[in-house]
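This report refers to the structure that appears directly beneath it.
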Amino acid sequence: MKTQLMKAMMTSISEVVETMFFLPAEQEKEGMLLDAGLLDQADTPSAALAFTGDMSGRLVMMVPGNLLSEMTENFMGEPGDKLTRELKYGTLKELLNMVCGNALRKLDSGHGFDLGIPEIVDGETVPSELPAAVINVADAKIVAVLDLQA
Amino acid sequence: MVYSILIVDDSLPMRSVIKKTLGAAGYGGSEILEAENGQAALEMMRHNWVDVVLTDYNMPVMNGLDFILKAKKEEMLRDIPFIVVSTEGNKDRIAQFMESGAAGYVTKPFTAESIRDVMVPIIGEVDDEDTIDESDDDLDF
C-alpha cells in the first residue's frame, strides 16, 4: 500500500498543479530524498502535513522559491510584486493540503483519513533516506517526501 | 441577482482563489465577506446579511463542522445554506457534513463548473451575462 500511496501522491501533484496552478507537470522519478537534488538548494520552502487512517504519517513537500513565486501568482491571480512571503507560504500549505487530500481519497477504503493542519518546516530536518517523488514543473522540481509511521 | 457570500477559510490564498472562482462561475457581482475560522464567521453572520456560506472544514479555533452545528442552533442563522469546500472527501465525512445541515459539498481541487453545479440548486441561477466563459483561460479552472 506504501507504493500505491506514493503513486497516488505523484498523480495528485500533477492533477493539482495543472488544475489550480495552470502549470504543466510531469512525473520524473521515485527514489530517496537524498537523490532528489533539492537538499543543497538554499531557497526551497518546505511544508508538512500529518495524516491518520489506514496508514498514518506525514507528507512533506519542497518547492524551489522561484517556482513557488510563479505558482502563487497563478493561484491568486496577483502580480509577483504584491506577493509577500506569508502568501507564498500559504500557497505552499494549500498545495500540500490539496495534494494530500486528493491522493488519500484515491486510496480510501471507506474508513477515511484525517488530515492535520499544514505547517512550514525546515527542509533540512527531513531525513534524507525517506522515499521521495520528483515532479518536473516549469523547468523546476517539486519533491514530495513520504514519512510513514511504522 | 446580487448575493452576499461568506467565504470561511484560514488560508488567505484559498479565500482569494474561491473568490476568483466564484467570479468565473458567474457570481462575480456578489458581495463577498471573508472569515478565517468558524468562530469569526459566526460573529460576522450575526451582524451581516449572508445568502450562502462556503466553508472549509480543517481550520484552527473552530472547524467547519462545529461551525455549522453552532450556526444551526441559532434561530437567526439556521436557515442560511452552508456549502463545505474541503479536501476532506471520504464518504463518512461527507455524510457527517450533510447530517449536520450542510446543503452541499465541493472537493478541493475544484473548478468553476464544480462550484457552480453546487451553488445553483441552492441559491439559484446566475444572470445569463455572468455565466461561465469557457474561452477565458484565466477564469476557466
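Would you order B:R78, A:R105 from fewest to most other beta-carbon atoms within 10 Å of each residue's own beta-carbon?
B:R78, A:R105
Once the Cβ-Cβ distance between A:R85 and A:E28 is put in as r, and R0 is 25 Å, what FRET efficiency do you end up with, to the nearest 0.05?
0.35
Sequence neighbours fewer than 8 away in the same chain don't count; with that in mind, list the lysines whose C-alpha is under 19 Å from B:K91.
Cα-Cα hits under 19 Å: A:K106, B:K108.
With a 10 Å cut-off between alpha carbons and a GNM built on chain A, which of A:M71, A:M98, A:M61 moves the most?
A:M98
What residue among A:E124, A:E28, A:E86 shows peak mean-square fluctuation when chain A is described by a Gaussian network model with Cα springs under 10 Å?
Fluctuation is largest for A:E86.
Hey, rough spin-label estimate for B:R46 and B:K70, points 7 angstrom out along Cα→Cβ, what's it come to in nanometres?
For the pair B:R46/B:K70, the computed spacing is 0.9 nm.
Tell me what the protein assembly as shown gives for mean residue ellipticity at 222 nm when only DSSP H runs of n ≥ 4 count, each as -39,500 (n - 2.57), the sum divided by the residue total, rounded to 500 deg cm²/dmol.
-11500 deg cm²/dmol
How large is the charge dipole for chain A, taken about the Cα centre, if only the Cβ atoms of Lys, Arg (+1) and Asp, Glu (-1) carry charge, to the nearest 20 debye?
360
How far is helix B:38-47 tilted, in degrees, relative to the longest principal axis of the Cα atoms in chain B, given as a value from 0 to 90 rounded to the nearest 10?
80
If the only charges are +1 at each Lys and Arg Cβ and -1 at each Asp and Glu Cβ, what is the size of the charge dipole of the protein assembly as shown around the Cα centre, to the nearest 20 debye?
1060
Stokes-Einstein at 25 °C, 0.890 mPa s, Kirkwood radius from Cα pairs: D for the stretch B:4-127 in µm² s⁻¹?
Reported coefficient: 174 µm²/s.
Who wins for biggest fluctuation among B:E43, B:E125, B:E75 in a Gaussian network model of chain B, springs between alpha carbons below 10 Å?
B:E75
Suppose each label sits 7 Å from its Cα in the direction of the beta carbon; what would the A:D122-B:V120 distance come out to in nanometres?
5.2
Kindly point out which whole DSSP H helices in chain A project their C-alpha atoms 18 angstrom or further along the helix axis while averaging a Kyte-Doolittle hydropathy of -0.5 or above.
Membrane-span-like by this rule: A:2-21, A:85-107.
Relative contact order for the stretch B:4-127: what percent, with Cα pairs under 8 Å and sequence separation of 6 or more?
25
Fully extended, how many nm does the chain gain between A:N136 and A:E18 (0.36 nm per residue separation, minus their Cα-Cα distance)?
41.3 nm
Only the coordinates and a few stated rules stand behind these numbers; no lab work does. None of these values were measured; they are calculated from a predicted model. Every residue, glycine as well, gets a Cβ built from its backbone with ideal geometry; the counts of neighbours run over all protein chains shown.
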